[in-house]
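Colleague: I'd like to ask you about the structure that follows.
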Amino acid sequence: MRLHSAPRSGNSYKVRLLLGLLGTSCEVVDYDTKGGETHAPGFLESVNPDGKVPVLELGDGTMLPESGAILYYLAEGTPYLPEEKLERAQVLRWMLFEQYSLLLNLSRPRLWRMWGVEITAQRRAELEQLFEQGYRALGVMERYLGGREFFVGDHPTVADVALYVYPRLCAEGGYELEGFPAVGAWLERIATLPGYVPPPG
């Protein structure tokens with residue numbers, strides 16, 4: 001397998017993290033997304049016409065884009081994807097929550113800082129909305145984690161992997177997690193798992 005990735009991409013990190021936790025070896029090919037490499041004709045034609053990473057290239061040459069789909073594919077047949085019907089649905093529930101409530105709100109402030117985007121009055125107003133919704137999503141996680149070690153069942157699943165990345169990186173965008181002790185303890189718990197891969201520097 002080959003992972004088409006970007007060094008500081010949170011979505012790419014999700015896949016690298018799961019690969020590490022599973023002990024699965026995989027060649028990694030990194031792209032400069034800011035420099036436009038994922039929009040070059042060769043990438044669009046042979047890797048992903050949507051111009052995004054991560055993309056998992058399988059042994060037969062099949063390209064599987066979208067981090068959630070890749071996580072689900074890699075977790076199949078492992079303890080990271082439960083066999084029981086309701087638990088699998090709960091995994092999907094939290095993966096969808098991550099995509100719709102967590103990712104954009106926590107990732108965009110980090111991305112703007114990382115790329116040195118000028119904060120205009122319009123962007124400042126947008127940031128206020130992002131932080132409001134981001135803290136709301138973190139509050140949902142905080143309340144749910146009360147008395148729980150992981151999000152589904154009594155062991156880590158691919159839901160934890162999907163949810164982990166942007167809360168772990170959100171301080172780079174200006175978020176503060178002091179008011180979310182259960183989330184903080186859960187982040188530390190994930191970081192102690194065998195095969196854990198540190199986030200991009």
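Colleague: I want to check the label-to-label distance for E126 and S25. Put each point 7 Å from Cα in the C-beta direction and report it in nm to one decimal.
Modeller: Distance between label points: 4.3 nm.
Colleague: While we're looking at this one, here's another question. Can you give me the three principal axis dimensions of the chain from its C-alpha atoms, in Å, biggest first?
Modeller: Cα extents, longest axis first: 49, 46, 27 Å.
Colleague: Count the DSSP beta bridges whose two residues both fall in the chain, then state the antiparallel fraction as a percent rounded to the nearest 5.
Modeller: About 60 percent, rounded to the nearest 5.
Colleague: Additional query: List residues of segment 145-187, by number, whose backbone nitrogen lies under 14 Å from a label position 7 Å along Cα→C-beta of I119.
Modeller: So the set is 171-176.
Colleague: Please find the FRET efficiency linking V140 to A185, where r is the Cβ-Cβ separation and R0 is fixed at 22 Å, and quote it to the nearest 0.05.
Modeller: 0.85
Colleague: A further question on this structure: According to the Cα gyration tensor, what semi-axes, each the square root of 5 times an eigenvalue, does the equivalent ellipsoid of segment 1-48 have, listed from largest to smallest in whole Å?
Modeller: Those come to 22, 12, 7 Å.
Colleague: On a C-alpha basis, how far is the centre of segment 157-180 from the centre of segment 53-89 in Å? Whole number, if you could?
Modeller: 21
Colleague: Follow-up. Any number yet on Rg/Rh for segment 102-186, C-alpha, Kirkwood?
Modeller: When Rh is taken as the Kirkwood radius, the ratio is 1.02.
Colleague: Using the per-residue mean of other Cβ atoms lying within 10 Å as a proxy for protection, in what order, highest first, do the peptides 23-35, 156-168, 6-18, 53-65 fall?
Modeller: 156-168, 6-18, 53-65, 23-35
Colleague: Could you give the nm distance between label points at E178 and M63, where each point is 7 Å from its Cα heading toward the beta carbon?
Modeller: Calculated label separation equals 4.6 nm.
Colleague: Normalized C-alpha radius of gyration of segment 11-82, against 2.2 N^0.38 Å?
Modeller: 1.14
Colleague: Could you list S107, S46 so that the one with the fewest beta carbons within 10 Å of its beta carbon is first and the one with the most is last?
Modeller: So the ranking, lowest neighbour count to highest, is S46, S107.
A short reminder: the numbers here are calculations on the coordinates, not readings from a lab. None of these values were measured; they are calculated from a predicted model. Please note: Cβ atoms are built from the backbone with ideal geometry, for glycine as well, and neighbour counts cover all protein chains shown.
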